[in-house]
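> Below: one structure in structure tokens.
Coordinate-derived values only; no laboratory data. Since the model is a prediction, treat every value here as computed from it, not as a measurement. Backbone-built Cβ (ideal geometry, glycine too); neighbour counts: all protein chains shown.
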């Protein structure tokens, strides 16, 4: 039954565009994020399954690289639109509008650092700092029950700002902490 429903969804897709800026609710609104995360995880898992064993450290590292590279690419497709949307809820982007233009490049840099496995300790600390700070703006907006479109996928795919956005930010923080502790 579940496999049949999944197959039906994959064939027909879900309508994920928000009509007249009204926020959709439930899982349908987050389909783009779930699909992208599943693809990134799948590619990372396939790439790290060797000799009938999973390289968990490599999987986590490549998932984070893929996450930052793909999500920064969506933001860079319309960087001005991203900066405007991000300034509606990010604490620093509200005060310093240009931070919205810098943030996608920070994600791009993190993705490249994770992919190349360069300066892993510094990369993980940067991830913790950047994503923790980003999550504070999301928490602030959620506590105020403000309705915003999440800028996480730029302006191309629109999803509402919600607990999913917070989980996305804090997952990156958690993975960076785990990577630091496992050194």
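> Within the range 166-183, list the residues whose amide N lies under 18 Å from a label point set 7 Å along Cα→Cβ of residue 122.
Label zone hits: 180.
> Determine the gain in length on full extension of the stretch residue 55-residue 142; use 0.36 nm per residue of separation and subtract their C-alpha separation, reporting nm with one decimal.
27.7 nm
> Using the alpha-carbon centroid of each, what span in Å lies between the range 87-116 and the range 138-183?
Going from one Cα centre to the other spans 13 Å.
> I would also like to ask the following. Suppose R0 equals 30 Å. What FRET efficiency, 1/(1 + (r/R0)^6) with r the Cβ-Cβ distance, do residue 77 and residue 132 give to the nearest 0.05?
0.70
> In addition: Report the FRET efficiency, 1/(1 + (r/R0)^6), for residue 35 and residue 102, where r is their Cβ-Cβ distance and R0 is 30 Å, rounded to 0.05.
Efficiency for this residue pair is about 0.65.
> Can you quote the Å³ per residue value for the convex hull of the Cα atoms in the chain, rounded to an integer?
It comes to 136 Å³ per residue, whole-number rounded.
> Let me ask something additional. Determine the calculated [θ] at 222 nm for the chain from helices alone, applying -39500 (n - 2.57) to every DSSP H run no shorter than 4 residues and normalising by the residue count; nearest 500 deg cm²/dmol.
Numbers: 8 runs with 125 residues, N = 183.
Roughly -22500 deg cm²/dmol at 222 nm, from the helical runs in the chain.
> Using the 2.2 N^0.38 Å rule of thumb for compact globular proteins, work out how the range 105-160 stacks up: its C-alpha Rg over that value, please. Let's see the in-between values first.
Details: Rg = 14.0 Å, N = 56, 2.2 N^0.38 = 10.2 Å.
Here the Cα radius of gyration is 1.37 times the empirical estimate.
> Could you run the Debye sum over the Cα atoms of the range 55-143, one equal point scatterer each and no solvent, and tell me log10 of I(q)/I(0) at q = 0.26 Å⁻¹, two decimals?
Normalising to I(0) and taking log10 leaves -1.27.
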